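Below: one structure, written as structure tokens.
Read the figures in this text as sums done on the coordinates, not as results from a lab. Not measured: the values here are computed from a predicted model. Reconstructed Cβ throughout: ideal geometry from the backbone, glycine too, with neighbour counts over all protein chains shown.
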Amino acid sequence: MTRYVDLAADGTSVGRCVILPGSRYTPDGPMLFFAAQVALMRGWDVRQVWWEVPQLSSDADEVAWVGSQLEAAVDGFAGRVIVVAKSLGTMAAPVAAARGYDAACLTPLLTEPDLAEPLLSYPAEQFVVIGADDPYFSQRVLDALPGEHLVVPGDHVLRVPGDAAAMVASHDRFVRSFDVWLAA
């Protein structure tokens, strides 16, 4: 089951920002919450996608399902679209790329070659942030990605065990960098 929460920017909207969560990281998780707030401040209407991920048997099935979720979230919308995706949500990259959507990929699965491939040839503007201790972090793949990259202390959710200030600082660096990227 999928549902949407739509948030409207003040004034005239510049387009729709689609928030795609992770498998267990919802749109109210700190990275996606702050990304949505930044997008709203920059004039984007925000559509948060809240989903229950079905049992899927392969990466190809996951890519197809996540791509269909993006397609449904923009169905009937004729304006400019930007995608902000966390982990599993970054599997929408083939659909987003085919449609020419700019994308912010938060903690993508860079160690999975078939899942990183669409990001390596991404044709639109791309912003990638990942934790230095994320098990899906690959410096080699990150260096090959087009667009802007940010590596911050933390794991797959930018948690820094035992150091609350460092964890907040990682989120702060992400929010500031995302804001600059979105404004550009």
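Neighbour counting of Cβ atoms within 10 Å sorts the residues Trp181, Trp44, fewest neighbours leading, into Trp181, Trp44.
Neighbours of Pro108 by Cβ distance under 12 Å: Lys/Arg scored +1, Asp/Glu scored -1, total -2. Within the shell of other residues whose beta carbon sits under 13 angstrom from the beta carbon of Leu182, the net charge comes to -1, with Lys and Arg scored +1 and Asp and Glu -1.
Each Lys and Arg adds +1 at its Cβ and each Asp and Glu adds -1 at its Cβ; summed about the Cα centre, the range 1-115 shows a dipole of about 340 debye. Pairwise Cα distances in the range 2-183 exceed 30 Å in 11 percent of cases. Ranking Val74, Pro21, Ala98 by Cα position along the charge dipole of the range 2-183, where only Lys, Arg, Asp and Glu carry charges on their C-beta atoms, puts Val74 farthest toward the positive end. Helical runs assigned H by DSSP (4 residues or longer) give the chain a calculated mean residue ellipticity at 222 nm of -11500 deg cm²/dmol, each run adding -39500 (n - 2.57) before division by the residue total. Between the range 164-178 and the range 92-153, how many Å separate their Cα centres? Value for the Cα centre distance between the two parts: 19 Å.
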